Amino acid sequence: MSEQIRSASRREILKSGALLAAPALLKGASTTNAIKVGLVGCGGRGTGAAAQALKADDYSELTAVADVYQDRIDSCLARLSRVAKDKVKVERSKMFVGLDAYQKLIDSGVDVVLLATPPGFRPQHLRAAIAANKHVFCEKPVAVDAPGVRDVLETVRRAKEKNLSIVAGFCWRYSNYIQATFEQIKKGAIGDIVAYYGTYYTSPVKPMPPESQRPAGMSDVEWQIQNWYNFVWTCGDGLVEQAVHTADKIAWAFDDKPPISCVAVGGRQIPAHGGNIYDHFEVNYLYPNNVRAFLGCRQMEGCYNENADYIMGTKGVCTIGRGPLPRIEGETKWTFEGVKNDMYQAEHDVLFASIRRGSPVNDGERMATSTLLAIMGRMAAYTGQTITWEQAMNSQERLVPEKLEWNMSLPVQPMARPGITKFF
C-alpha cells in the first residue's frame, strides 16, 4: 500500500470516530485508530499538556517529542512514563533536538501537535503544523508581536479551510465554573458592564541569573532561550506571557470585541541582570460607551499577591478569585454550585473529542484577540503613548529574529523607556 493511501485510510479511520476494542494497546501495541501525538517543547507545561492529551482519548499515544535539549526530553519522557507508560511510544529516532526539531516532529507521522515552547516561536510552529494538516493544541499566548498575531490569524483561516482543530491554552475558557459565571453575566445578572478590574499579582516566574553565571562559550541565542522568560522576543513580557489570562477574561466579558484604545504604565524595580522585561504593569482599556477595563500585574517577591476579577455592572458586581467560588451580588444573588472540573484536562478532552467526531473546533480568532489585547497594553506601557486597537494590529515592530541560528550573536535590545521608546 502506498504512503499516500495509508495516510488517507488513516484519516478516514480517525474521522469515523470508531473506537476499536483493542486489548493489545494495554500491552504497548499500537491500534489502527490510535491518535498519534507529538510534543514540541518538553518543559513543565509541555509535559503536563502531553499527560492530559494521553488521558483525553482511550487510544491516544505519544510518538514523537522535540526540544532544544536532549536532557529535557529525557526528563519529560521519564515523567510521562510514570503516569501513562503504555501510551508513551517514542522511539529514539523520534526524539528531535534543535531549533528545527519542530519541523522534523511534524513530518514524523503524528496526527496532533502540542505546541508548548516559549511563545516567540508559536506563530512559526503553528503555521508549519497547519500547513502539514495536523490538529493543534496551542499554548497561550500565541505570539509576542503584531506581525506574529497577523501570521496566526492567517494560519487560523487556513485551518478552518482544512477542517483542522486548534484548541488554545487559555484554560479559563474551559473551566466549568468560570463558564457558568460568564453565562450569568451574559444573561444580564449584573446588568450592563460599566467597568472591569482584573489582577495578576504574583512572584517572579523565572528570575534572570547574572551574566557571571553564563557558561563559557554559550551563545547569545542559547543563553536567551535558556532564560526565555526574561527577554521580550521570547516571552512577550509578563503582561503577555502570564497576565494574558486576565486579558483573556476581559476579552470574554466584552464578547471578544476589541477595545478602542488603551494607556498604561509599567517599569522594572528589581535588577534585570541583562534581561529586558518589566516586572509590573497597569493598563487602562477604553471600550465603547466609555466603559473601562483595568488590568494590573506585578511579579515581585514580598508583595501582596492576587489573581482576581471584579466585574461591575449596572445591577450588581461579579467577583472571581476572592474566595473559593465566583459570586454575584446585587439585584441577583448567585454563586456556582457544583464540582469544579480540571480545566487543563478539559482543553484536551474537547480537542480529542472533536477529532474523533470529525467536527473541528477552532479557538484561533479569540486566542489572537486576547493575545493582542495584552500586547497593546505592553506597547502603551513601553512607549508612554495611547495605543489604538488599529495601531496595535497594524504595528510593524517585529521582535522575533527572522533567521535564528543556535550559535549566532544576538544583542539584547535595551529595556523600553516610556516617552523615549517609539511605537512603530
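The values are calculated or read from the model by the stated rules, or taken from the named source; none is laboratory data. Just so it is clear, the model here is predicted, and its values are computed rather than measured. A quick note on method: Cβ atoms are made from the backbone with ideal geometry, for glycine too, and the neighbour counts reach across all protein chains shown.
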Here are the criteria: (1) within 18 Å of the chain's Cα centre (by Cα); (2) assigned to a helix (DSSP H, G or I). Tell me which single one T181 does not satisfy.
(1)
Selection within region 271-312 - closer than 22 Å to M208 by Cα, hydrophobic (A, V, I, L, M, F, W, C) and either surrounded by fewer than 23 Cβ atoms within 10 Å (Cβ to Cβ) or not assigned by TED's automatic domain parsing to the domain that holds I387 (or both)
A272, M300, C303
If I go through region 376-424 residue by residue, how many of them are under 23 Å from A247 (Cα atoms), assigned to a loop (DSSP other than H, G, I, E, B) and β-branched (V, I, T)?
2
Within region 339-360, take every residue that is in a helix (DSSP H, G or I) and acidic (D, E) and give me the one that is surrounded by the fewest Cβ atoms within 10 Å (Cβ to Cβ).
D349
Among the listed residues G364, G316, G338, identify the single one that is touching a helix residue (DSSP H, G or I) at 6+ places or on another chain (Cβ under 9 Å), more than 30 Å from V232 (Cβ to Cβ) and in contact (Cβ under 8 Å) with a residue 60 or more places away in the chain.
G338
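Yes/no matrix, rows are residues, columns are (1) assigned to a loop (DSSP other than H, G, I, E, B); (2) assigned by TED's automatic domain parsing to the domain that holds I328; (3) within 30 Å of G313 (Cα to Cα):
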{"position": "L126", "(1), (2), (3)": "no, no, no"}
{"position": "V156", "(1), (2), (3)": "no, no, no"}
{"position": "A159", "(1), (2), (3)": "no, no, no"}
{"position": "N163", "(1), (2), (3)": "yes, no, no"}
{"position": "I190", "(1), (2), (3)": "yes, yes, yes"}
{"position": "Y196", "(1), (2), (3)": "no, yes, yes"}
{"position": "P215", "(1), (2), (3)": "yes, yes, no"}
{"position": "W223", "(1), (2), (3)": "no, yes, no"}
Scan region 128-148 and give yes if some residue there is surrounded by fewer than 20 Cβ atoms within 10 Å (Cβ to Cβ), touching a residue at least 12 places away in the same chain (Cβ under 8 Å) and either polar (S, T, N, Q) or assigned to a strand (DSSP E or B) (or both), otherwise no.
yes
Where the second residue is in a helix (DSSP H, G or I) and the first is without any contact (Cβ under 8 Å) to a residue 60 or more places away in the chain and lies in region 170-187, which pairs have Cβ atoms under 8 Å and are six or more apart or on separate chains?
Q179/R173
I'd like to verify a number: residues in region 249-281 that are more than 14 Å from M379 (Cβ to Cβ) and not in a loop (DSSP other than H, G, I, E, B), how many?
7
Of the numbered conditions (1) modelled with pLDDT under 95; (2) in contact with a helix residue (DSSP H, G or I) (Cβ under 8 Å, 6 or more places away or on another chain), I387 satisfies every one except a single condition; which is it?
(1)
Any idea how many residues of region 283-305 are out of contact with any helix residue (DSSP H, G or I) (no Cβ under 8 Å at 6 or more places or on another chain) and either on the phi < 0 side of the Ramachandran plot or in a helix (DSSP H, G or I) (or both)?
16
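One line per residue, one yes/no per condition, for (1) over 21 Å from T319 (Cβ atoms); (2) over 22 Å from the mean Cα position of the chain (by Cα); (3) of a type in the set (G, A, S):
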| site | (1), (2), (3) |
| --- | --- |
| P204 | yes, no, no |
| M218 | yes, yes, no |
| T234 | yes, no, no |
| G238 | yes, no, yes |
| E241 | yes, no, no |
| D256 | yes, no, no |
| D279 | yes, no, no |
With the structure loaded, tell me whether T181 is touching a helix residue (DSSP H, G or I) at 6+ places or on another chain (Cβ under 6 Å) and crowded, with 21+ Cβ neighbours inside 10 Å or whether it fails that test.
no
